[in-house]
Amino acid sequence: MTTPPPISGTTRLYGIVGDPIEQVRSPAVFNAHFAERGVDAVFLPLHVGTAGIEAALAGFAALANLDGLIVTIPHKLAFAALMDEVGPHGRLVGAVNAVRQRPDGSWEGELFDGLGFVEGLCGQGIDPTGLSYLVFGAGGAGAAIAGALLNVAPARVAVTDPVPGRAEELCRKLRTSAPDLAIEPTGPGVDPSAFDVVVNATPLGMKADDPLPVDPGRLRPGMLVCEAVMKPPVTRLLHEAEKRGCRIQPGRHMLDGQFPLFLDFFGLPR
């Protein structure tokens with residue numbers, strides 16, 4: 001195991017902001033990278049509740065040795081609204097999952113979840129083009145995934161969300177960028193077996209007693225079931241899907257797919 005460099009007064013700070021925070025993998029991934037590359041930096045989990053977002057961002061702005069933040073559930077949309085500038089992927093759906101402060105004190109953010117999801121598919125030898133996708137969740141992760149799928153010529157993208165109107169609003173945004181693609185909101189009774197790929201982009205699955213976002217009895221053998229949840233490494237949904245002959249993709253592949261993009265955004269060596 002590579003010994004991490006000592007933390008000193010020259011150490012640069014990075015972190016991930018979320019609520020809850022116990023499930024995140026990013027600190028282990030980044031700190032291992034820093035140790036392997038000899039980068040004088042440390043990556044920390046930062047637990048911030050919804051009511052404290054604006055105060056937290058003001059505090060982060062005062063830290064001269066803080067070089068960047070990853071944003072996770074449920075703050076991706078809220079942080080986007082506080083940025084001075086948002087990159088094209090974040091603007092498409094109104095969310096960010098990486099932010100940094102410029103020398104002039106302004107904040108900029110971008111969204112890499114969806115790009116990481118697509119890279120994760122390709123990394124597992126799956127060609128995403130021409131497939132039909134059912135995305136559960138129209139929050140930050142689900143919006144990012146649905147938005148990134150527009151770039152791979154899908155056969156169809158359907159989005160469902162328990163919050164009334166949220167899936168409809170997301171699909172309206174996406175159709176403005178891809179009017180020729182089949183992009184549709186669906187209800188909770190949608191049949192997952194009609195799709196090639198089912199994606200859980202909700203927090204359901206982080207706790208053992210969470211309800212499943214989809215009835216596993218309606219999954220069919222051979223279809224692909226993907227998770228955005230990273231802890232546990234294999235969720236109950238994935239276990240149930242695998243028992244039914246589905247191919248599965250754990251959430252870690254989404255993080256692994258976007259990790260190089262995070263490094264570039266923060267100006268860190270790959």
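The values are calculated or read from the model by the stated rules, or taken from the named source; none is laboratory data. Being a predicted model, the structure only gives us computed values, none of them experimental. For neighbour counting, all protein chains shown are included, and Cβ atoms are generated from backbone atoms with ideal geometry for every residue, glycine included.
Side notes on the structure shown:
- The condition (being more than 15 Å from Gly120 (Cα to Cα), in contact with a Ser or Thr (Cβ under 8 Å, 6 or more places away or on another chain) and not assigned by TED's automatic domain parsing to the domain that holds Ile16) is satisfied by just one residue among Arg220, Arg270: Arg220.
- Taking the stretch 145-157 as the range and being assigned to a helix (DSSP H, G or I) and free of Cβ contacts under 8 Å to residues at least 60 places away in the same chain as the test, the residues that pass are Ala146, Gly147, Ala148, Leu149, Leu150, Asn151, Val152.
- In the stretch 1-30, the residues that are outside any loop (DSSP other than H, G, I, E, B) and under 21 Å from Phe112 (Cα atoms): Leu13, Tyr14, Gly15, Ile16, Val17, Gly18, Ser26, Pro27, Ala28, Val29, Phe30
- Looking at Arg247, Arg252, Arg218, just one residue is more than 17 Å from the chain's Cα centre (by Cα) and closer than 19 Å to Gly116 by Cα, and that residue is Arg247.
- Entry remark, the stretch 90-132: residues being in a strand (DSSP E or B), over 20 Å from Ala62 (Cα atoms) and out of contact with any Asp or Glu (no Cβ under 7 Å at 6 or more places or on another chain) number 1 in total.
For every residue, the table says whether it meets (1) farther than 16 Å from Tyr133 by Cβ; (2) surrounded by 20 or more Cβ atoms within 10 Å (Cβ to Cβ); (3) in contact with a Gly (Cβ under 7 Å, 6 or more places away or on another chain); (4) not hydrophobic (A, V, I, L, M, F, W, C).
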{"site": "Lys173", "(1), (2), (3), (4)": "yes, no, no, yes"}
{"site": "Ala182", "(1), (2), (3), (4)": "no, no, no, no"}
{"site": "Gly187", "(1), (2), (3), (4)": "yes, no, no, yes"}
{"site": "Gly217", "(1), (2), (3), (4)": "yes, no, no, yes"}
{"site": "Met223", "(1), (2), (3), (4)": "no, yes, no, no"}
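- Out of Gly245, Gly205, sole residue that is buried (at least 19 other Cβ atoms within 10 Å of the Cβ) and not polar (S, T, N, Q): Gly205
- Selection within the stretch 189-242 - closer than 17 Å to Thr72 by Cα, of a type in the set (S, T, N, Q) and outside any strand (DSSP E or B): Thr202
- Contact annotation: residue pairs with Cβ atoms under 7 Å, 6 or more positions apart or on different chains, pairing a residue in the stretch 54-73 that is under 11 Å from Gln101 (Cα atoms) with a partner that is assigned to a helix (DSSP H, G or I), are Leu57/Leu82; Leu66/Phe60; Asp67/Phe266; Gly68/Phe266; Leu69/Phe60.
- Among residues of the stretch 31-46, those that are part of a helix (DSSP H, G or I) and out of contact with any Phe, Trp or Tyr (no Cβ under 6 Å at 6 or more places or on another chain), counted: 6
- For the stretch 47-88, a residue qualifies if it is surrounded by 16 or more Cβ atoms within 10 Å (Cβ to Cβ) and in a strand (DSSP E or B), and the qualifying residues are Leu66, Asp67, Gly68, Leu69, Ile70, Val71, Val86.
- Neighbours by Cβ (under 6 Å, 6+ apart or cross-chain): first from the stretch 172-188, part of a loop (DSSP other than H, G, I, E, B); second crowded, with 16+ Cβ neighbours inside 10 Å: Ala178/Leu150; Ala182/Arg156; Thr186/Ala158; Thr186/Thr160
- Qualifying positions in the stretch 18-34 - surrounded by 15 or more Cβ atoms within 10 Å (Cβ to Cβ) and of a type in the set (Gly, Ala, Ser): Gly18, Ser26
- Selection from the stretch 127-155 of residues that are out of contact with any Leu (no Cβ under 7 Å at 6 or more places or on another chain), at negative phi and surrounded by fewer than 20 Cβ atoms within 10 Å (Cβ to Cβ): Asp127, Thr129, Ser132, Asn151, Val152
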